[in-house]
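Read the structure below first, then the notes.
The values are calculated or read from the model by the stated rules, or taken from the named source; none is laboratory data. What you see is a predicted model, and the numbers here were worked out from it, not measured in a lab. Quick reminder, even Gly has a Cβ in these numbers, built from the backbone with ideal geometry, and neighbours come from all protein chains shown.
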Amino acid sequence: MISGEYLVLKGARSLAVPLRFGQKLTVAENEGMSSISWKSMINSDLWFKATLLLPDFQIVNTNRSDLSETLRRILVAAKALNPHFLEVKCEYQVTSSMDFDPQWGIGSSSSLISNIAYWADCDPFKLNYLIFNGSGYDIACARSLNPIVYELKDDQPQYRKANFYPSFHKQLYFVYLNQKQNSKDSIRKLDLSKITAEHIKDISNLTIGIEQATNLATFQSKINQHEALIASITYQKPIKTMLFNDFSGSVKSLGAWGGDFVLAASSESDNNICKYFKNKNLNTIFRYDEIVFFEKHN
């Protein structure tokens, strides 16, 4: 999410981008006990496994009880949305494969929800709402081939293709802060009742301004305004003030403030940008083209 964090839940427009990293799901139906044998892989390494008995989704074997409980909740919800899901009595061998670190906070949950919804033939937005009660922007991104402008109208997701492949994209960097942020906890701590119609209008206008910025200076001005407004609403300090006050350029929090990735925008050289963040032991740095998926450029 490039803009609209927190306020997207109240109907503000958000600019969001799908990523080159992803997660795929393969399912094989074999003879055997009516069950689900699940494996989650990060590249070729086993990260998580679980066995669930059907039809009650009882967890009988796992290496991560927290993850297996979340998986169970997703499958139960998918079954509720489509009672015909998992009707065939067999052993379902399921493999979920990621090509990124789930600690990065760039969509391991939303891409999983999207994939299971495909498998279960149910609405991914409804499934996401039942499990995470989020805005659903990340579900839209999981199914998009381009950046999008997303909003909730009468609590229903609406989005369109965004024209967001800026001429200055070589001056944009995504930097991981080495600490995963829990979006649900961040939202829970925020008093959404204090968000006004004027706040929503201002963030929506900034979202369009960010999307339509034709030069780096305008883009930086818009994201700086966005940071200042969110800071005033959430009573938090902007990330640049906290961690990067000496950075030559703009730094914007992405998603839940205080963790995951930040967006850095600067006219400094690529070498200077990377050196600056690596000197702060922040070594996971992506240029715009390295991480953002854009159909036109693939």
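Within the range 163-181, being surrounded by fewer than 13 Cβ atoms within 10 Å (Cβ to Cβ), out of contact with any helix residue (DSSP H, G or I) (no Cβ under 7 Å at 6 or more places or on another chain) and modelled with pLDDT under 90 holds for one residue alone: 179.
Any idea which residue in the range 249-298 is modelled with the lowest pLDDT, counting only those that are assigned to a strand (DSSP E or B) and small (Gly, Ala, Ser)? Reasoning before the result, please.
Within the range 249-298, the subset assigned to a strand (DSSP E or B) is 250-253, 261-265, 285-287, 292.
Next, from what is left, pick out any that are small (Gly, Ala, Ser): 250, 253, 264-265.
Working: 250: 98, 253: 94, 264: 98, 265: 98.
Restricting to residues being assigned to a strand (DSSP E or B) and small (Gly, Ala, Ser), the top hit is 253.
Of all the numbered requirements in (1) touching a residue at least 24 places away in the same chain (Cβ under 8 Å); (2) hydrophobic (A, V, I, L, M, F, W, C); (3) touching a helix residue (DSSP H, G or I) at 6+ places or on another chain (Cβ under 9 Å), residue 57 misses one, and that requirement is (1).
Residues that are of a type outside the set (D, E, K, R), part of a strand (DSSP E or B) and within 17 Å of residue 18 (Cβ to Cβ) within the range 159-173 comprise 159, 172, listed in sequence order.
All conditions but one from (1) surrounded by fewer than 19 Cβ atoms within 10 Å (Cβ to Cβ); (2) touching a residue at least 60 places away in the same chain (Cβ under 8 Å) apply to residue 241; the one that does not is (2). In the range 59-81, the condition of being closer than 22 Å to residue 286 by Cα and of a type in the set (Asp, Glu) is met by no residue. For the range 121-146, a residue qualifies if it is buried (at least 22 other Cβ atoms within 10 Å of the Cβ) and assigned to a loop (DSSP other than H, G, I, E, B), and the qualifying residues are 135, 136.
Each residue in the range 217-248 was checked for being within 24 Å of the chain's Cα centre (by Cα) and part of a loop (DSSP other than H, G, I, E, B), and 5 pass.
Answer yes or no: is there a residue in the range 215-222 that is hydrophobic (A, V, I, L, M, F, W, C), modelled with pLDDT of 95 or more and surrounded by fewer than 16 Cβ atoms within 10 Å (Cβ to Cβ). Yes, the range 215-222 contains at least one residue that is hydrophobic (A, V, I, L, M, F, W, C), modelled with pLDDT of 95 or more and surrounded by fewer than 16 Cβ atoms within 10 Å (Cβ to Cβ).
Return yes when residue 246 is within 21 Å of residue 207 (Cα to Cα) and either surrounded by fewer than 18 Cβ atoms within 10 Å (Cβ to Cβ) or not small (Gly, Ala, Ser) (or both) and no when it is not. Against the criterion (within 21 Å of residue 207 (Cα to Cα) and either surrounded by fewer than 18 Cβ atoms within 10 Å (Cβ to Cβ) or not small (Gly, Ala, Ser) (or both)), residue 246 does not qualify. Just one of the listed residues (34, 68, 14) is modelled with pLDDT of 95 or more, within 30 Å of residue 206 (Cβ to Cβ) and polar (S, T, N, Q), and it is 14. Of the listed requirements (1) of a type outside the set (Gly, Ala, Ser); (2) at pLDDT below 95; (3) in contact with a helix residue (DSSP H, G or I) (Cβ under 6 Å, 6 or more places away or on another chain), residue 42 misses just one: (3).
Scanning the range 194-216 for residues that are acidic (Asp, Glu) and part of a loop (DSSP other than H, G, I, E, B) yields no hits at all.
In the condition set (1) within 18 Å of the chain's Cα centre (by Cα); (2) surrounded by 13 or more Cβ atoms within 10 Å (Cβ to Cβ); (3) at pLDDT below 95; (4) assigned to a strand (DSSP E or B), residue 24 is compliant with all but (2).
Here the range 29-40 is the region considered, the condition is being assigned to a strand (DSSP E or B) and surrounded by fewer than 17 Cβ atoms within 10 Å (Cβ to Cβ), and the residue that is nearest to the chain's Cα centre (by Cα) is 39.
Per the listing 150, 159, 176, 137, the residue uniquely under 30 Å from residue 94 (Cβ atoms) and in the same structural domain as residue 253 (by TED's automatic domain parsing) is 176.
What residue, among those in the range 9-21 that are more than 13 Å from the chain's Cα centre (by Cα) and not in a loop (DSSP other than H, G, I, E, B), is surrounded by the most Cβ atoms within 10 Å (Cβ to Cβ)? Break it down into steps so the answer makes sense when it comes.
Quick first cut of the range 9-21, residues more than 13 Å from the chain's Cα centre (by Cα) only: 9-13.
With not in a loop (DSSP other than H, G, I, E, B) added as a condition, the list becomes 9-10.
Values: 9: 20, 10: 18.
Looking at residues that are more than 13 Å from the chain's Cα centre (by Cα) and not in a loop (DSSP other than H, G, I, E, B), I get 9.
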